[in-house]
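Everything below concerns the one structure shown next.
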Amino acid sequence: MLRIRLSEGSWLFLAGPLRARVVRGCVEVFGWEFHEGSCFSISRLRSAPLLAKRESELELEVLGREGGYVTEPVDTPLIPEEWRRASERIVAEAVSRRSTTVFVVGDVDTGKTGFITYLANRLLFAGRSVYVIDCDVGQQDISYPTCIGLGKVTRPIVHLSEVEMVDAFFIGRTSPAGVFERIVYGVSYLSRRAAEEGADVIIVDTTGWVRELGRELKVFKLLTLSPDFIVLIEREKELEFVRALTRRVQKSEILSVPASPMLRARTREERREIRESIFRSAFEGARTITLKLHELSILYGYLGSGLLKRVGERICEEHPEFVYVFSEKPLSQQETQALETALGKKVKVITPDVLENWLVALVDENMHFLGLGVVLRYDAEKDELTVLTRAPAEKVAGLMWGHMKVTPDGKEVAWLSPWSI
Ligand SMILES: Nc1ncnc2c1ncn2[C@@H]1O[C@H](COP(=O)(O)OP(=O)(O)O)[C@@H](O)[C@H]1O
Ligand SMILES: [Mg+2]
């Protein structure tokens, strides 16, 4: 246990995992005040800035072995003055009108999520109902990797992952590459959902992909949402293309702020570790359910969307481009050729190992997200797909094929291209 005395106006950089208790005084973390006796924690691979609002004393339990640490108190602000001013501008606008959309853009590790945490707390304090859409399909804080999530901020947060998930939209992979239209549709769907829920403010967090083709995605999200505010988090004017868009035709108000002076950046390996632990949580308490594949709406893949038919001994699923043939074992070359001749099309054989651990998402009849799932097997005779999921079977109306394989304990075991099943 560590005890730290802080003079008024000094800052501490806190890297998790750690737990803090305010013994005396008052401190502010991401714009929320914690008074004497209150506690908060910061988890592994995350950090937060702390400001002593007056002379204060803290009790800290820092798990150093897992990478937690605390810096010496510093006088230079860890929340830039511009973050405070931009938030005040947004709060002032949000208290006087019915709905406000804020779009946050920045490169990787500039503190986008940190800024949103700060802004969300300030808006919550002002009594607004705040919803956040997290578009980062790789490092998802609200729903699960491969999805974009909608969350409601119901209490103060020290990290965005503490918000309560309201809905999600499945994208199918942990990168937006090749599936931009899903992200653009998904963000529009989730902002509609937030409006239905009565959101006063919708804040949109984005991926750090701001260069090259990443611009395309940013521009289409912006045109789709037409936000009231665009917050640009920049190191050195790398987001000029957004200003260029808004010079004349797109009338959002731009608020420029600098990147976080200090944050806990994550390595590729750490990002993967975070993803795996969230995937694992998606399957905690999951059950095995059986779905009639050809009675569901099918998205993002062929399987389940063609005509089932029997050819001799075998069950096939016919598509204009090819025919799936279901078999327990791989077919011999002769048998494949015979089938191709009989059917006049290319044959693709689906053995049980092809489908095992295939990631899917299940939705209800309104496309509301019910849960991720991993495929265990498909019985073509009975048209029964067995899936491990937390989704309630009776509500499942649609299945979306993902483009990766994940084991129920969260391991990413294969990456596939869109429409490969
Ligand atoms: N100003 C800040 N001071 C301390 N920690 C911060 C600050 N801004 C962000 N962080 C933390 O650093 C980590 C990475 O920053 P994040 O905001 O997620 O970056 P980005 O969203 O741009 O990738 C997160 O745990 C976040 O809470
Ligand atoms: Mg982020």
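Remarks
- Filter result for I203 (in a helix (DSSP H, G or I) and under 15 Å from the mean Cα position of the chain (by Cα)): no
- Residue in region 375-384 that is in contact with a Lys or Arg (Cβ under 8 Å, 6 or more places away or on another chain), part of a strand (DSSP E or B), closer than 30 Å to D167 by Cα and in the same structural domain as Y300 (by TED's automatic domain parsing) present: yes
- Residue match in region 90-106 (condition: modelled with pLDDT under 95, under 15 Å from the mean Cα position of the chain (by Cα) and open to solvent by 10 Å² or more (accessible area, probe 1.4 Å)): no
- Among the residues of region 119-143, those that are surrounded by fewer than 24 Cβ atoms within 10 Å (Cβ to Cβ) and within 22 Å of G16 (Cα to Cα) comprise N121, D136, G138, Q139, D141.
- Any hit, region 105-118, residues being outside the structural domain of F229 (by TED's automatic domain parsing) and among the small types (G, A, S): no
- Screening region 232-301 for strands (runs of 3 or more DSSP E) wholly inside it with 1 or more residues that are open to solvent by 50 Å² or more (accessible area, probe 1.4 Å) and closer than 30 Å to V360 by Cβ returns the ranges 287-292, 297-299.
- Qualifying residue in region 175-198 (condition: buried (at least 24 other Cβ atoms within 10 Å of the Cβ), more than 20 Å from T146 (Cβ to Cβ), more than 16 Å from ligand 1 (Cβ to nearest atom) and in contact (Cβ under 8 Å) with a residue 12 or more places away in the chain): yes
- Going through (1) part of a loop (DSSP other than H, G, I, E, B); (2) more than 15 Å from the chain's Cα centre (by Cα); (3) acidic (D, E) one by one, E181 falls short only on (1).
- Total residues in region 251-269, condition away from ligand 2 (no atom under 16 Å from the Cβ) and closer than 12 Å to F229 by Cβ: 6
- Taken together, the residues in region 1-22 that are under 22 Å from R155 (Cβ atoms) and open to solvent by 20 Å² or more (accessible area, probe 1.4 Å) amount to 2.
- Checking each residue of region 99-112 against the condition of being more than 16 Å from ligand 2 (Cβ to nearest atom) and in contact with a strand residue (DSSP E or B) (Cβ under 6 Å, 6 or more places away or on another chain) gives at least one match.
The values are calculated or read from the model by the stated rules, or taken from the named source; none is laboratory data. Because the structure is a prediction, the values reported are computed rather than measured. Note that we place each Cβ from the backbone using ideal geometry, even for glycine, and neighbour counts take in every protein chain shown. Heads up: the accessible areas ignore ligands, DNA and RNA and are worked out on the full protein's heavy atoms, side chains in. Shrake-Rupley method; radii C 1.70, N 1.55, O 1.52, S 1.80 Å.
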